[in-house]
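Taken together, the values in this text are just the output of simple stated rules run on the coordinates, not laboratory data. Predicted model, so just to flag it, every value in this text is computed and none were measured. All Cβ positions, even for glycine, are placed from backbone atoms using ideal geometry, and neighbour counts span all protein chains on display.
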Amino acid sequence: MTWIATIPYEATEGRLRALYDRVKGPDNNVDNIMLVHSLRPHTMEGHMALYKRVLHHSANTIPGWFLEAIGVYTSMCNRCAYCVEHHFRGMARLLGDEPRAAAIRRVLEGGELSEVFSPRETAALGYARKLTQQPAAMVEADVAALRALGWDDGEILELNQVVAYFNYANRTVQGLGVATDGDILGLSPGDSGDLDNWSLE
């Protein structure tokens, strides 16, 4: 499950149990990416707060499925299978179109992005790839190119924060050997209007 010790739900009490109760899914299942924080619960709290605000906040204007696609692509660039599998299922659920979701996965894995995505979406994915693989090579022109295709500066910030979050999550997973064993794939916080509600659905 992970390369470091974790505390299972059944063995918890106090603050850690309260945090688990906020992030658990069906049958008291806690995703391994959250379990890996169990020896330092304050880092779990920080992780989940960042995740919900970046990816599942009611003030975001980019459709949730596309923010998930950005996360999936960032995770593919990092070869983080854990986040790819979790967030592809989440993307497909939000999209509500399994054939389109399958086509998206195919092109993200190495096809021609423009076969499935609009020019502005393709540019956003290119931004995610460059920021992930060549962060020191980023220049103002990269942002200007997004703006020229119709992304406003608030949306560019949303894209940037999703890419940054997934690089953090990917390194948490890869650096601590987090696997999907026992996880329920594709769950995400449902109440985007309540930042303290981490309940998964």
I need to check one value: relative contact order of the stretch 43-201, counting alpha carbon pairs closer than 8 Å and at least 6 residues apart, in percent. 35
When the Cα atoms of the stretch 64-167 are enclosed in a convex hull and the volume is divided per residue, what value in Å³ results? 91
Suppose every Lys and Arg Cβ carries +1 and every Asp and Glu Cβ carries -1, with no other charges. What dipole size does the chain come out with about its Cα centre, to the nearest 20 debye? 420
Most exposed first by the Cβ proxy, i.e. fewest other Cβ within 10 Å, how do ASP27, ASP152 rank? ASP27, ASP152
Under a point spin-label approximation (7 Å from Cα along Cα-to-Cβ), what is the MET1-ILE184 distance to one decimal in nm? 1.6
Gaussian network model of the chain, Cα within-10 Å springs - most flexible of VAL116, VAL173, VAL23: VAL116
Counted neighbours (other Cβ, 10 Å), sorted fewest up, put ASP142, ASP97 in the order ASP97, ASP142
Just need log10 I(q)/I(0) for the chain at q = 0.11, 0.13, 0.19 Å⁻¹, Debye formula, equal scatterers on the alpha-carbon atoms, no solvent, rounded to two decimals. -0.51, -0.70, -1.41
Counted charge near MET1, where neighbours are those whose Cβ lies closer than 13 Å (Asp, Glu -1; Lys, Arg +1): -3
Quick note on ILE184, ILE4, ordering by fewest other C-beta atoms within 10 Å, gives ILE4, ILE184
Multiplying the sequence separation of ARG171 and GLU109 by 0.36 nm and subtracting their Cα-Cα distance, what value in nm do you get? 20.3 nm
Need the full-extension length gain, ALA81 to ASP142, defined as separation in residues times 0.36 nm minus the C-alpha distance. One decimal, nm. 19.2 nm
Inter-label distance, nm, simple model (7 Å from Cα along the C-beta direction), ARG129/GLU10: 4.7
